[in-house]
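Working notes for the structure below.
The values are calculated or read from the model by the stated rules, or taken from the named source; none is laboratory data. Treat the numbers as computed from the prediction; the structure is a model and nothing was measured. When we count neighbours, we look across all protein chains shown, and the Cβ atoms used for this are built from the backbone with ideal geometry, even at glycine. These area figures cover heavy atoms from the full protein model, side chains too; ligands, DNA and RNA do not enter into them. Shrake-Rupley method; radii C 1.70, N 1.55, O 1.52, S 1.80 Å.
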Amino acid sequence: MTRSDLVEELAARFAQLTQRDAEFAVKAILDAMNDALARGHRIEIRGFGSFSVTHRLPRMGRNPRSGESVAIPEKRVPHFKPGKALRQAVDLRTDTLTQSTQ
């Protein structure tokens, strides 16, 4: 699902929202999440999952083309951990799809 698919789904579910309002809502939510993660905060959405920032230490990597060693600097990366309800919903949906194709 892309961002535009999400906007279309939101506009379709809520008739009082125009496409433009739905787009504004999705942009506002994603911007707020982006800002929170950039500040190092944790985001928890009950039943969906949590987003956090993980710190990766510097390490030595290898250029796959030349085989040369490359220093990879430390960095902060976003991390998503799905909630129990999301994991169960995906598992149930996967089981249903697997059984219907057999």
Starting from residues that are of a type in the set (Val, Ile, Thr) and assigned to a helix (DSSP H, G or I), keep the ones in the stretch 1-35 and report whichever is nearest to VAL53 (Cα to Cα). ILE29
Which of (1) open to solvent by 90 Å² or more (accessible area, probe 1.4 Å); (2) farther than 22 Å from THR2 by Cα; (3) free of Cβ contacts under 8 Å to residues at least 24 places away in the same chain is the odd one out, the single condition VAL70 does not satisfy? (1)
Among (1) surrounded by 12 or more Cβ atoms within 10 Å (Cβ to Cβ); (2) free of Cβ contacts under 8 Å to residues at least 40 places away in the same chain, ASN63 falls short only on (1)
I need the full set of residues from the stretch 73-93 which are open to solvent by less than 100 Å² (accessible area, probe 1.4 Å) and either of a type outside the set (Val, Ile, Thr) or in a helix (DSSP H, G or I) (or both), in order please. PRO73, LYS75, HIS79, PHE80, PRO82, GLY83, ALA85, LEU86, ALA89, VAL90, ASP91
Of (1) closer than 18 Å to PRO78 by Cβ; (2) among the hydrophobic types (A, V, I, L, M, F, W, C); (3) open to solvent by less than 60 Å² (accessible area, probe 1.4 Å), ALA38 fails just (3)
Go through the stretch 42-69 residue by residue and tally those that are part of a strand (DSSP E or B) and of a type in the set (D, E, K, R). 4
Going through the stretch 7-30 one residue at a time, which ones are farther than 25 Å from VAL90 by Cα and open to solvent by less than 60 Å² (accessible area, probe 1.4 Å)? LEU17, ALA22, ALA25, ALA28
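Of the residues that sit in the stretch 16-51 and are among the acidic types (Asp, Glu) and under 14 Å from the mean Cα position of the chain (by Cα), which one is farthest from ASP5 (Cα to Cα)?
This residue is GLU44.
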